[in-house]
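A short write-up of the structure that comes next.
A short reminder: the numbers here are calculations on the coordinates, not readings from a lab. Computed from a predicted structure; not experimentally measured. Virtual Cβ from ideal backbone geometry, glycine too; neighbours counted across all protein chains shown.
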Amino acid sequence: MSKTQSADVEFVTAWIAGQLFGLPITRVHDVFEAERITRVPLARAEVSGVLNLRGRVVTALDMRRRLGLPPREDAKNQMAIGIDHGGEAYGLLVDSMGEVLKLSADTMDAVPINLQRDWAAISAGVYRLEDRLMVVLDVDRVLDFGKDTLAA
Amino acid sequence: MEDLLKEFLTETSESLDVVDTELVRFEQEPNNAEILGRIFRLVHTIKGTCGFIGLPRLEALAHAAETVMGKFRDGAPVTSEAVSLVLVTIDRLKSLLAELEATSAEPSGSDGDLIVQLEQMALDGGAAPAAPTGEVTIGSLAPQVLERQLRPGEVSLDDLERAFRDTPGPGDKKSENREADRRTGERRHPDTGPAGNQTLRVSVDTVERLMTMVSELVLTRNQLLEIVRRHSESEFKGPLQRLSNVTAELQEGVMKTRMQPIGNAWAKLPRIVRDLGNELGKDIELEMHGAETELDRQVLDIIRDPLTHMVRNSADHGLETPEERLKAGKPARGTIRLSAYQASGQIVIEISDDGRGLNISKIRSRAIDAGLIAEGDHPTEAQLHKLIFAPGFSTAEKITSVSGRGVGMDVVKTNIDQIGGTIDLKSAPGRGSTFSIKIPLTLAIVPALIVQSGGERYAIPQVAVVELVHRGSNTNLVEEINGALVLRLRDKLLPLLSLSQLLKLPKREAVEGAADAETEAFVVVMQVGNSLFGIVVDDVLHTEEIVVKPVAASLRDIKVLGGNTILGDGSVILILDPNGIADSIGATREERTLDDFSRKEATVEDAAKSISMLMFRSGSTALKAVPLSLVTRLEEVDADKIEFSSGRPMVQYRGGLMPLVPADENAKLRTGSTQPLLVFTDGGRSVGLIVDEIVDIVEDRLEIKVASETPGVLGSAIIREQAAEVIDVAHFLPLGFADWFHGKQGASHEKRKLLFVDDSAFFRNLLAPVLQAAGYDVMPVSSAKEALTLIERGMQFDLVVTDIEMPNMDGYVFAETLRAEGRTAHLPIIALSSTLSGAAVSKGQRAGMDAYVGKFDRRGLLQALKGASVDMQEAA
C-alpha cells in the first residue's frame, strides 16, 4: 500500500496547441500570467523575452516554438509555468493550464519511438489517461535548449 | 571542533600570507626589528595554535622556522638563502593546511628534510644553540594567541583607537608604520596590548545576502517613487522621500562592507616578484601605490589573478636582465610599479615597468604565425599592441616556469571584460610598458543611461558613455557610406552603429506616431578602451541607478547584453555591454581611436602617413581614391531624376541645378536605379562626380607611387594593399562650371605667381593643381631653403603658401626670414598645417603669417588666397 502511494507523482498539466503536457509538480515553482514581456534581441527564437515576477527576472520560453509549433495567434492571458533551473528562473509559456493530476509512476509509458525527434528529445514519457494522452516533459531537457542545438 | 578548526585554518592562512609579505620586506630591510618582531610573533602564534589544537607536524615545522627567526633576532646575518628557506617552509605549511582543510586531519608524513635544514641554518647563523624562544615573548604574546586577527578589509576600530592613544608621541616610528602599511597593503596588526573587540568577523554570505536585499529595497524604492511621481498630490511623498534617503544610505553602508582595499589582491605580489627575480636572475623592485584604494570584493576577486599574471609578465617579458639594463644605460634594478586610484566612478589600476617595451616585430611575426594578421598587413603599432590580448598569443620565446602556464593576456582581458572593465596599454621601445585597467567601483548597482530604440528601452552603463549628440538637420549630420553610418564630430568621422540594427530590431514603421525625425534622433558616444564609437538610438530617456542582474545562462552567448534590470516602473529592461558592442563593431573600425579625435597636434608625418581616403569605382573595376576631406557630401540620387541640359547631365539638388561630371571617361550614368555621387561644394556651388560605387573609407598612409599623365588622375597609390588611382579633384570641378575658379578671380587676368613650399610630395601633387586651377602660376618647391634660394636669385612671387612642419627649416622660421627681408617683408604668407591648435595659430601670427589653414581644407585655402589677393589689390 505504502509502496504504491510513494510511487504516485503529481503533475501540473498544461495545454499547448491542443496537446496535454504534464510537468512533475516538484519542479514547478509557480504558475502565473506572463505580462509585459521584454523582448530579448538576438536571442534564440524560443526565448520570448524577460519579465518581472515579483522582483525576480524570469526568462520566458515559448513552448510552442520549443516544440516547433506555429506561434499562438491570441497573445492575451498568456499563462506561464515558473521553473527554477540551475538557480535561474524560467517561465514556460503555454496556451492554458489544466488540472493537477496524481498518477502512478508505474503506469507511465515510454516515449513512442515514432515521436518526432524534437518532441522525443524533451519528453520523459506518456500517460494514457481515460480520454487522452498526456506527454510528460523533461524539464531539464526543455531548458537545455541552448546546448542541444549548439551541438547539432 | 569543526568550527574551531575552520577558524584556525582561516586565521593561520591569513597569518602565513602576512609572513610571506613581511619576509620579503625583511630581506630588504634586515635591520628593521619591527618587521622581524611581527614575523616572529606570527610564526610563534601559528606554532602555539598548532600545539593547542594538536597538530604536531605543523607545530614542529613552525617551531623550526621560529628558531631561525629567533637567530635573526639575535643578530644573525639575514641571508637570501635563509629567507628562501623560511619561505619554502611557509609554503610547506600552506600545503599542509590545504590538506588539513580538505581532509579535516593533519596529513601524515614528516618534514624532516626541511627541519634539518632549518636547524642547520639556525646553528650556522649564530653561536648560541637553538633554544626555544617562547619565554622571551610570553608577555606580549599571550593575548595575541587568543586575539582574533583582523581580516583583510575589516574596518578596524582598533587602528583608530590606537591612533588616539598614540597621539602624544607621534614619532618616526608611527609614520614608518603607515608607510609600511601603504606599501604592503596589509592592515596593521595590533602589536601593543589586547585591543577591544571592535570588529566582527562576518561571513561573506551574510554580506552578500544583505547586498541582495538592499538591491531589492532599491528596486522597491524606485517603484514607489515612480508611483508617487504619477500622483503629484500624494501624502506618501514626505515619508517616501525619507525612505528614499535611508535606502540610499543603507545601500552605501552595505556597499562599504563589501569594499576591500586593493592591497589585499596585491599582498602576495612582493613574494612572487622576489621569487621571480631570483629565478630569472633579475633585480626587481616592486613599487605599490594606492594599496588602500577600495574595491568591491566581487570585483577584487576577479581581478586578483589578472593582476598577478600581469606582474609576472612584466617581470618575465618586460624587464631585462641587469646586464642588458646596464648596457642600455639603465639602472640594473628594474622597477615594476603598481598603482591604483579612483577616478570618476571608476578604479584605475596601472601596472608599468621600465623594461624593454613590447617587441613590435616579435608580436608581428607571432601574429602572422597565429594567423591573426596576414603577411602583407600593415597594422599600426597600437593595433599590434592590441594583438597581445588575442586568444593563444604569447611572445615568450621559451616556455619558462614563469610564463608558459597557459594563461595569456586573453584571459586577463576576458576577466576584465567580465566585470565591465577595460584594459589598455602603452609601450615605448626601451622605456617600458604600462597597462591601465579601468574597472567599475562595484558590479551590483551602476548608474546607467536609459535609451529607447525600436520601442524598447535599454540601459547603457554610464562609465562607457562619453557624450550625447542630438542628430540635427544641419549640424551633426549623420552620413552613410555604403551602408556604414558615420557622424562628423569635431572634424572627424565617428563610426556609428544603429542600435536597432545592432540588435536586429524590427523596423519601426508600424509604430504609431513615430515620425521619421523621432527615430534615431540621438547618438550616444561611447568609449571602450581606446575605441570611440557612437550608438544611434531613438530617444534618451533618463539616467537611473540600476541593479544589475545577470541574464539567464541560455542568453549569455549574446555578447552585446550585459544583464538585465528591473526599472522603477516594474518592467524588465536589458543592459547593453559596451565591450560586446565594441567587439561587434569590429576590429576594422577599432583603429579610429579616441586619440584620433582628441589629438589635434598631429604631425605632418602622421598626416602624410595616414589620411582618410574615400575609395570608389568609376568606369572600370579599378579602385579610385580621393581624400575624404575634399568631399563635401556623398549622395545617391534617383537615376530618373537626372536631366540633361545642353547635353550635360544635371540634377536638382538643394534648390538648384547641380551639374554632374563623370569621374572617369568610361563612367556611365545609371538608369532605373539610384546613382551614387560625390558632391563637391564650394562657394554655394556644387558639382556631382558620377561614380559607379562607393567602396569604403580607409585610413592609410598614402604615397603616390606613379604620377599620371591622364588628366584627372594625380597618380597611383597603394592603399590597403590595393592599387588605386588618386583622382585630381581640381580637374573635375571646372568641368561642371566653366568658371568654377575664375569666378572668384574677379577681373584680374594676369596670373599671379605663387610659391608653394611643402616637403611632402603628396601634398605638392595634391594641392599644386588646385592652386593652378585657382588661377595661379604655381612654383612648387620641397623645402624652405629651396624657396629662399629662388627668391635670392631674384624670382618674384606674389604669394607664398607654405607648410609648417618641415625638416631643417620649418614654416615659422621661413616666414620670419621672409619678413626680415625688405623685398619679401610684405609678401602674403599662408601657412598650411595639420596642426590647428590655438597655440600654433598664434605662433604663426607672431612669425608673420597672414593666414593659417588646415591641410585638407581646400576651401579654406582658396578663401585665404582670395583674401590675400584682395589685400594685394588694395595695397596696389
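Here the Karplus curve 6.51 cos²θ - 1.76 cosθ + 1.60, taken at θ = phi - 60°, turns the phi angles of the stretch B:202-207 into couplings of 10, 5, 4, 4, 4, 5 Hz, with x standing for Gly and Pro. Take each residue in B:550-563, count the other chain C-beta atoms within 10 Å of its C-beta, and the mean is 6. Its relative contact order, with pairs defined as Cα atoms under 8 Å and 6+ residues apart, puts the stretch B:263-440 at 24 percent. When the listed pairs B:LYS94/B:LYS268; B:LYS94/B:LYS413; B:LYS492/B:LYS866 are checked against a 21 Å cut-off, the alpha-carbon distance exceeds it for B:LYS94/B:LYS413; B:LYS492/B:LYS866.
Just add up the charged neighbours of B:GLN120: K/R +1, D/E -1, any other residue whose Cβ is under 15 Å from the Cβ of B:GLN120. For residues surrounding B:GLN120, the net value is -4. Computed on the stretch B:204-258, the Cα convex hull volume stands at 54 Å³ per residue. Each label was represented as a point 7 Å from its Cα along the Cα-to-Cβ direction; for B:GLU226 and A:LYS102 these points are 4.2 nm apart. The charge dipole of the stretch A:37-117, taken about its Cα centre with unit charges on the Cβ atoms of Lys, Arg (+1), Asp and Glu (-1) only, comes to about 340 debye.
For B:HIS289, the residues whose amide H sits under 5 Å from its own are B:LEU338, B:SER339, B:ALA340, ignoring neighbours fewer than 5 places away on the same chain, with H placed 1.01 Å from N. 3J(HN,Hα) couplings calculated from phi for the stretch B:51-61 with the Karplus curve 6.51 cos²θ - 1.76 cosθ + 1.60 (θ = phi - 60°) are, in sequence order, x, 5, 7, x, 10, x, 5, 4, 4, 4, 5 Hz; Gly and Pro show x.
For the peptide A:41-50, the mean number of other protein chain Cβ atoms found within 10 angstrom of a residue's Cβ is 6. In terms of packing, defined here as the mean over residues of other Cβ atoms within 10 angstrom, the peptides B:281-291, B:15-25 line up highest first as B:15-25, B:281-291.
Here the label points at B:VAL207 and B:ALA98, each 7 Å from Cα along the C-beta direction, are separated by 2.4 nm in the simple model.
Counts of other chain beta carbons within 10 angstrom of each beta carbon in peptide B:542-549 average 1.
Charges only on Cβ, +1 for Lys and Arg, -1 for Asp and Glu: so what's the dipole of the stretch B:770-820 about the Cα centre, in debye to the nearest 20? Before the final figure, lay out each step's value.
Numbers: 3 positive and 8 negative charges, 25 e Å.
Computed charge dipole of the stretch B:770-820: roughly 120 debye.
Which Cα, out of A:ALA7, A:VAL57, A:LEU137, lies furthest along the positive dipole direction of chain A (beta carbon charges, K/R +1, D/E -1)? Going by the Cα projections, it comes out as A:VAL57. Where only DSSP H runs of four or more residues are counted, chain A gives -3500 deg cm²/dmol as its mean residue ellipticity at 222 nm, each run worth -39500 (n - 2.57). Under 5 Å from the amide H of A:SER123 lie the amide H atoms of A:ASP138, each residue being 5 or more positions distant or on a separate chain, with H modelled from the backbone and absent for Pro and chain starts. Using the Cβ of B:ARG271 as centre and a radius below 11 Å, the other residues enclosed give a net charge of -3, where K and R count +1 and D and E count -1. Placing unit charges on the Cβ atoms only, positive for Lys and Arg and negative for Asp and Glu, gives chain A a dipole magnitude near 360 debye about its Cα centre.
Listed values for the stretch B:457-467 are Karplus-derived 3J(HN,Hα) couplings in whole Hz (6.51 cos²θ - 1.76 cosθ + 1.60, θ = phi - 60°), namely 9, 9, 10, 10, x, 4, 4, 8, 8, 9, 7, and x replaces Gly and Pro. Note on the stretch B:263-440: Cα-Cα pairs beyond 26 Å make up 28% of the total pair count.
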